[in-house]
1. Sorting 13, 138 on the 10 Å Cβ count, fewest up front, what's the list?
2. How do 89, 149, 157 line up, fewest other C-beta atoms within 10 Å first?
3. Could you put 90, 68 in order, starting from the residue whose Cβ has the fewest other Cβ atoms within 10 Å?
């Protein structure tokens, strides 16, 4: 009798677990709506796709955080400060501070393009330049042939 009772309990548990597993699998999260997303002040807060302007694909020389910033600007001013605060951007009167790496020996051409686009050179050495550039022309700067890449400046941390 004990054996059959134990067997009945075991079969009952197996049936119960099969139902629970089936229900859990049925509750898969819905696929995200199509569009582009940007993480905001926390990893759980996601900006609506309508708040992010589509950044043209094919700007591989522009750091992804800068591409997202360009996508947020100027369509909606609200997400820009939140996103910028989380990603530690530095702003000046001209725009955002970025580091531009020029192809070998082509820094003078890049600095000329920065001036043409309305930016200001803060520092330059060898093939690197720290510049302040308007957000809406960062993509244009990255697409200049003499530019190798555009990224945010590295920040130092105390030891």
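1. In order of increasing Cβ crowding within 10 Å: 13, 138.
2. 157, 149, 89
3. Values: 90 14, 68 20.
So the residues, fewest neighbours to most, are 90, 68.
Bear in mind these aren't lab numbers, they're just calculated from the coordinates by the rules spelled out. Keep in mind that what you see is a predicted model, and the values were worked out from it rather than measured. FYI the Cβ positions are ideal-geometry reconstructions off the backbone, even for glycines, and counts take in every protein chain you see.
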